[in-house]
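Encoded as structure tokens, the structure appears first; notes follow it.
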Amino acid sequence: MAETTVAEVIAELTALEDPKIREVNEKHGDDHAVNLSKLRALAKRLKTQQELARQLWETDDTAARLLATLICRPKVFERDELDLMLREARTPKVHDWLVNYVVKKNPHAEELRLAWFADPDPVVASAGWELTTERVAKKPEGLDLAGLLDVIEAQMKDAPDRPQWAMNHCLAQIGIEHAEHRARAIDIGERLEVLKDYPTPPNCTSPFAPIWITEMVRRQHGK
């Protein structure tokens, strides 16, 4: 499928659409109707095609953009290109896949993390927090963890949904990965009560930071 055209891909994505999937996704702010397992299978068949990925992104179609994040070459995007793409990412799923599958693998990730972290747009700022959480877990050297906890303590309670969720993830990750900050992270979570009553399915861990931290630490020590 090396010579696959955008029109052919869009036609295949359209054929995969299921109204029931769209109905479920719309409850979460997404507007695509394609089963993600089938979308991943299509990506596997297409393999890496950077130019096709760029063309799919330009369609502004959510399923096409999700597919684009799977068949692109993450490392070749320029900084400004990724900044624009993030601001164009209308739906939560496109935002999440762009950050996780593309930006995190790009050489400009740290530069973008710093720029987005301070952005006045709350959705863009949430991407900065997501990249910060990645560093907390994998490359914490040079991060001011106590300073991050200060910001979370001051801002998370009243933050809009997307950055609030991202801050909460960062709070939990600090508590899970860094024992010296664990007690303070749990205390902040208990006092702010963010996501305390979030409905959690059976056999899933609550996103409420004190429960999340305690459970993940328990699992680590139980290995």
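The values are calculated or read from the model by the stated rules, or taken from the named source; none is laboratory data. Nothing here was measured: the structure is a model prediction, and the numbers come from that model. All Cβ positions, even for glycine, are placed from backbone atoms using ideal geometry, and neighbour counts span all protein chains on display. Note: areas computed on protein heavy atoms with side chains; ligands, DNA, RNA excluded. Shrake-Rupley method; radii C 1.70, N 1.55, O 1.52, S 1.80 Å.
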With the condition kept exactly as written, say whether any residue in the range 28-45 is at pLDDT below 95 and open to solvent by 80 Å² or more (accessible area, probe 1.4 Å).
-> yes
Mind telling me which of the residues PRO207, PRO202 ends up being part of a loop (DSSP other than H, G, I, E, B) and at pLDDT below 95?
-> PRO202
Taking LEU67, is it in contact (Cβ under 8 Å) with a residue 24 or more places away in the chain and under 22 Å from ARG162 (Cβ atoms)?
-> no
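Condition (residue is within 24 Å of the chain's Cα centre (by Cα), over 16 Å from TRP97 (Cα atoms) and buried (at least 16 other Cβ atoms within 10 Å of the Cβ)) applied to the range 3-12: is it met by at least one residue? Give the steps one after another, and end with the answer.
Looking only at the range 3-12, we keep the residues that are within 24 Å of the chain's Cα centre (by Cα), and these are none.
No, the conditions are met nowhere in the range 3-12.
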Taking THR200, is it in contact with a helix residue (DSSP H, G or I) (Cβ under 6 Å, 6 or more places away or on another chain) and either over 15 Å from LYS157 (Cα atoms) or surrounded by fewer than 16 Cβ atoms within 10 Å (Cβ to Cβ) (or both)?
-> no
